[in-house]
Amino acid sequence: QKEVEQDPGPLSVPEGAIVSLNCTYSNSAFQYFMWYRQYSRKGPELLMYTYSSGNKEDGRFTAQVDKSSKYISLFIRDSQPSDSATYLCAMSAGGSARQLTFGSGTQLTVLP
Amino acid sequence: NAGVMQNPRHLVRRRGQEARLRCSPMKGHSHVYWYRQLPEEGLKFMVYLQKENIIDESGMPKERFSAEFPKEGPSILRIQQVVRGDSAAYFCASSPWTGPYEQYFGPGTRLTVT
């Protein structure tokens, strides 16, 4: 079983839709949770960073962390064709164990 | 404020040659991480370094791979005697010394072994 599970999709939605992306994890030591966006043949771009449980909002993006369920989510409101990319969840325990463990990524296409 | 820089962006090596990948962290960042993305696979951690110190190399293959982050200059990921299975995108990320721990990635080096 992988430490981080992420539905690979592909996910296709119409422009303006609300997108929900999710990851589950098994390592209870994870405390820092990140979402990255990766366009084809580019480096991952940090979208959201959350520590421990709770919600965080930044523009059209909202990240949620539920440590009791070991479940994290990213919501994208008013999705745009430019949001079409692969979305990666990542997490770490912090401290001396800073390395990120990534989900496999969800490929999202927003149709105009 | 320049981001994480990696070079070269593309590298072609014949089997048996050496590959050297360079990474300059963001200004003010003292921690560097290397990840590998194999075709159709996710990003996998390789090694975590501070200046002149390897903190965690648990994701590094035991043979042929090495990494350093000298006092001066960029971090280097070195792959000796490359094989076709080393063909991948290699990403470097950096973070500041103190929290928060978010990591910022460079554009990657795409290594092709022929």
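Of everything in the stretch B:86-99 that's closer than 20 Å to B:Lys27 by Cβ and surrounded by 17 or more Cβ atoms within 10 Å (Cβ to Cβ), which residue is farthest from the other protein chains (Cβ to nearest Cβ)? Spell out how you get there, then give the answer.
Step one: list which residues in the stretch B:86-99 are closer than 20 Å to B:Lys27 by Cβ, which gives B:91-99.
From what's left, surrounded by 17 or more Cβ atoms within 10 Å (Cβ to Cβ): B:91-95.
Working: B:Phe91: 6, B:Cys92: 9, B:Ala93: 8, B:Ser94: 11, B:Ser95: 7 Å.
Taking the candidates together, the pick is B:Ser94.
Go over the candidates A:Thr24, A:Thr106, A:Thr50, A:Thr86 one by one and state the one that is farther than 25 Å from B:Leu49 by Cα and out of contact with any Asp or Glu (no Cβ under 9 Å at 6 or more places or on another chain).
Details: A:Thr24 fails: out of contact with any Asp or Glu (no Cβ under 9 Å at 6 or more places or on another chain); A:Thr106 fails: out of contact with any Asp or Glu (no Cβ under 9 Å at 6 or more places or on another chain); A:Thr50 fails: farther than 25 Å from B:Leu49 by Cα.
Criteria check complete, one pass: A:Thr86.
Determine if the stretch B:100-107 includes at least one residue that is among the polar types (S, T, N, Q), in contact (Cβ under 8 Å) with a residue 60 or more places away in the chain and buried (at least 17 other Cβ atoms within 10 Å of the Cβ). It would help to see each step written out before you state the result.
Looking only at the stretch B:100-107, we keep the residues that are among the polar types (S, T, N, Q), and these are B:103.
So of that shortlist, the ones also in contact (Cβ under 8 Å) with a residue 60 or more places away in the chain come out as B:103.
Checking the rest, the ones that are also buried (at least 17 other Cβ atoms within 10 Å of the Cβ) come to B:103.
Checked the stretch B:100-107: at least one residue is among the polar types (S, T, N, Q), in contact (Cβ under 8 Å) with a residue 60 or more places away in the chain and buried (at least 17 other Cβ atoms within 10 Å of the Cβ).
Is it fair to say B:Arg22 is more than 18 Å from A:Thr101 (Cα to Cα) and either away from every other protein chain (no Cβ under 14 Å) or in contact with a Gly (Cβ under 8 Å, 6 or more places away or on another chain) (or both)?
On the way: more than 18 Å from A:Thr101 (Cα to Cα): yes; either away from every other protein chain (no Cβ under 14 Å) or in contact with a Gly (Cβ under 8 Å, 6 or more places away or on another chain) (or both): yes.
So B:Arg22 fits the description; yes.
Please work out if A:Met34 is in contact (Cβ under 8 Å) with a residue 40 or more places away in the chain and within 12 Å of chain B (Cβ to nearest Cβ).
Yes: the conditions hold for A:Met34.
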Of (1) part of a strand (DSSP E or B); (2) surrounded by 14 or more Cβ atoms within 10 Å (Cβ to Cβ); (3) not β-branched (Val, Ile, Thr), A:Phe30 satisfies all except one. Which? (1)
Across the stretch A:42-55, what is the number of residues that are within 12 Å of chain B (Cβ to nearest Cβ) and either β-branched (Val, Ile, Thr) or part of a strand (DSSP E or B) (or both)? 7
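For the structure I just gave you, tell me whether B:Gly73 is over 23 Å from A:Phe102 (Cβ atoms) and not in a strand (DSSP E or B). Reasoning before the result, please.
Details: over 23 Å from A:Phe102 (Cβ atoms): yes; not in a strand (DSSP E or B): yes.
So B:Gly73 passes the test.
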Answer residue from the stretch B:57-85, given it is over 13 Å from the mean Cα position of the chain (by Cα) and of a type in the set (D, E, K, R) and is nearest to the other protein chains (Cβ to nearest Cβ) among those: B:Lys62
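Throughout, read-outs are computed from the coordinates displayed, never taken from laboratory work. The model shown is predicted, which means the values in this text are computed figures rather than measured ones. No Cβ is skipped: glycine too gets one built from the backbone with ideal geometry, and neighbour counts run over all protein chains shown.
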